[in-house]
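A.B. asks: Handing you a structure now.
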Amino acid sequence: MSDPTPSDPTPAEAASEAAAAPPAAKPGPTATVKPAAKAEAKPARPPAPEDAPFASFVPDALLPALAREIRSYGGPEPQLRFEQGSMPVVGGPCWMVAGELPGERRFWLCFTAEDIGSAKTVALAESGSEPTLLEPFLSDEKKMSQALLVSRLVQRLNGQKWLGPN
């Protein structure tokens with residue numbers, strides 16, 4: 001009977017070393033693909049409309065999208081303007097989308113800076129009255145997009161029962 005030498009591992013030690021060793025690379029179809037080739041195969045996304053400068057994004061992309069969405073509720077064409085002026089209710093300079101719907105219903109979407117990610121407020125006024133309340137608008141959103149601005153503003157207007165047959 002021979003005694004195991006200290007350099008020879010016992011069967012238990014050999015099993016634990018095999019479990020701890022990294023698995024050997026298996027040849028296969030993924031072994032020949034280089035990471036750079038994967039990145040090159042992805043087509044580049046076109047820039048999002050909101051990536052355009054603020055002064056061109058609002059009149060060229062936001063206003064037409066907002067008008068389309070309002071019309072989709074079955075109402076007539078809204079009158080929309082993009083202007084810099086005094087913020088309704090509180091004053092102070094701001095950029096705003098000012099809109100008017102039939103029945104002299106008016107709304108203002110105000111931006112505190114030339115950036116769609118800036119703080120925003122919305123004000124509403126029924127015919128023959130001035131706005132008396134300025135509401136925060138999308139204040140909890142981290143990333144701002146055209147689709148989000150349009151959908152939430154139209155949702156707010158529809159909540160007032162200003163769009164379509166409510």
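The values are calculated or read from the model by the stated rules, or taken from the named source; none is laboratory data. Quantities reported herein were computed from a predicted structural model and do not represent experimental measurements. Cβ sites come from the backbone with ideal geometry, for glycine too, and all protein chains shown count toward neighbours.
A.B. asks: Pick out the one residue from Thr132, Thr121 that is modelled with pLDDT of 90 or more and either β-branched (Val, Ile, Thr) or exposed (fewer than 14 other Cβ atoms within 10 Å of the Cβ) (or both). Please lay out each step first, then the result.
C.D. replies: Numbers: Thr132 fails: modelled with pLDDT of 90 or more.
Result of the check over Thr132, Thr121: Thr121.
A.B. asks: Also, quick follow-up: Against the condition under 20 Å from Gln84 (Cα atoms) and either β-branched (Val, Ile, Thr) or exposed (fewer than 15 other Cβ atoms within 10 Å of the Cβ) (or both), how does Val150 come out, does it pass? Talk me through it step by step, then tell me what you get.
C.D. replies: Details: under 20 Å from Gln84 (Cα atoms): yes; either β-branched (Val, Ile, Thr) or exposed (fewer than 15 other Cβ atoms within 10 Å of the Cβ) (or both): yes.
Yes: the conditions hold for Val150.
A.B. asks: Give Glu114, Glu100, Glu126 a once-over and let me know the one that is among the acidic types (Asp, Glu) and over 21 Å from Asp60 (Cβ atoms).
C.D. replies: None of the other options fit; the residue is Glu126.
A.B. asks: While we're looking at this one, here's another question. When only residues in region 107-154 that are of a type in the set (Asp, Glu) and over 13 Å from the mean Cα position of the chain (by Cα) count, which is nearest to Pro78 (Cα to Cα)?
C.D. replies: Glu126
A.B. asks: May I pose another question? Return the pair list, or none, for Cβ contacts closer than 8 Å from residues in region 48-62 that are under 11 Å from Asp115 (Cβ atoms) to residues that are surrounded by 12 or more Cβ atoms within 10 Å (Cβ to Cβ) and polar (S, T, N, Q), at least 6 apart or on different chains.
C.D. replies: Glu50/Ser145; Glu50/Gln146; Phe57/Gln146
A.B. asks: Pick from region 64-78 the residues that are in a helix (DSSP H, G or I) and in contact (Cβ under 8 Å) with a residue 24 or more places away in the chain: which of them is surrounded by the fewest Cβ atoms within 10 Å (Cβ to Cβ)?
C.D. replies: We begin by selecting, within region 64-78, every residue in a helix (DSSP H, G or I); these are 64-71.
Narrowing further to those that are in contact (Cβ under 8 Å) with a residue 24 or more places away in the chain: 65-66, 69-70.
On the way: Ala65: 17, Leu66: 23, Glu69: 19, Ile70: 24.
The extreme case among them is Ala65.
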